[in-house]
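Encoded as structure tokens, the structure appears first; notes follow it.
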Amino acid sequence: MKKKNEKTGSLPAAELDLMRALWELGGPSSATQIHRVLNRMRPCTKPMVYILADRLAAKGFVSIEQVEEPVSYKRITPLVAEEDYAFSETSSLVDKLFHGSWKSLVANIAGSDELTEEDVAEINSILKARKDGQK
């Protein structure tokens, strides 16, 4: 698996949905399994699953292995964890919009009317736990 601080590159929506399906399935999966989950997110054909998987394999996000027993199928395995992809995308966002300043990102979020009091309490709890863990 790629490391958290390793840039992965952004994915188009359809490819990201396939990755989300794989992450939901929890590991190596067949195209049929992926198709079932992916169809809940967006209309998709089984051949499209193979096309998207091939694109993701070329980008290093998945591996594809031909399995012959008990029946022949392709096993698609995620090579990038969901948390690592999210961190890479967030880092890119911070670089692009906030000139690399995580503090500016947090300040922007804190000034948002979208945050509830519960959100603020949970964020404070997360930051306190991080601070306590660094001591």
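Each value in this text was obtained by applying a stated rule to the coordinates, not by laboratory testing. No experiment lies behind these values; they were computed from the predicted model shown. Backbone-built Cβ (ideal geometry, glycine too); neighbour counts: all protein chains shown.
Starting with the fewest neighbours, write out Val120, Val80, Val71 ranked by other beta-carbon atoms found within 10 Å of each beta-carbon. Please list the in-between numbers first.
Numbers: Val120 11, Val80 23, Val71 7.
Fewest to most other Cβ atoms nearby, the residues stand as Val71, Val120, Val80.
What ranking do Glu117, Glu122 get, fewest neighbouring Cβ atoms within 10 angstrom at the top?
Ranked by crowding around the Cβ, least crowded first: Glu117, Glu122.
For the chain, what are the per-bin percents of Cα-Cα distances with bins 10 Å wide, up to the bin holding the maximum?
For the chain, the pair-distance distribution reads 11, 32, 28, 20, 8, 1.
I want to verify a result. In a Gaussian network model of the chain, Cα cutoff 10 Å, which of these has the top mean-square fluctuation: Arg75, Arg40, Arg20?
Looking only at Arg75, Arg40, Arg20, the largest GNM fluctuation is found for Arg40.
Counting only C-alpha contacts under 8 Å and six or more residues apart, can you give the relative contact order of the chain as a whole percent?
25 percent.
Can you tell me the dipole magnitude for the chain around its Cα centre, using point charges on the Cβ only (Lys, Arg +1; Asp, Glu -1), in Debye to the nearest 20?
My answer is approximately 380 debye.
What's the extension gain from Arg36 to Ser101 if we count 0.36 nm per residue and subtract their Cα-Cα distance?
That pair, Arg36 and Ser101, stretches by 19.4 nm at full extension.
With a cut-off of at most 16 other beta carbons within 10 Å, and DSSP calling the residue loop, which GluC sites (Glu not before Pro) in the range 36-109 qualify? Please list them.
Those satisfying the criteria are Glu68.
Please state the shape class of the range 83-133: rounded when a/c is under 1.5, otherwise prolate if a/b exceeds b/c and oblate if not, all from the C-alpha gyration tensor.
The shape class here is oblate.
So what is the 222 nm mean residue ellipticity for the chain from helices alone, if each DSSP H run of at least 4 adds -39500 (n - 2.57) and you divide by all residues, rounding to the nearest 500 deg cm²/dmol?
-19000 deg cm²/dmol
Taking the inverse of the average 1/r across all pairs of different Cα atoms in the range 13-81, what Kirkwood radius in Å do you get? Intermediate values should be presented prior to the final figure.
Values: mean 1/r = 0.0855 Å⁻¹.
Final number for the Kirkwood radius of the range 13-81 is 11.7 Å.
Once Lys and Arg get +1 and Asp and Glu get -1 on their Cβ, which of Ser72, Thr45, Ile126 lies farthest toward the positive end of the dipole of the chain?
Value: Ser72.
Please give the FRET efficiency for Ala86 paired with Leu115, using the beta carbon to beta carbon distance and R0 = 22 Å, rounded to the nearest 0.05.
It comes out at approximately 0.70.
Running a GNM on the chain with Cα contacts under 10 Å, which residue among Ile34, Ile109, Ile76 ends up with the highest mean-square fluctuation?
The residue that fluctuates most here is Ile109.
Hey, fewest Cβ within 10 Å first, where do Ser101, Ser88, Ser30, Ser72 land in order?
With the sparsest Cβ surroundings first, the list reads Ser72, Ser101, Ser30, Ser88.
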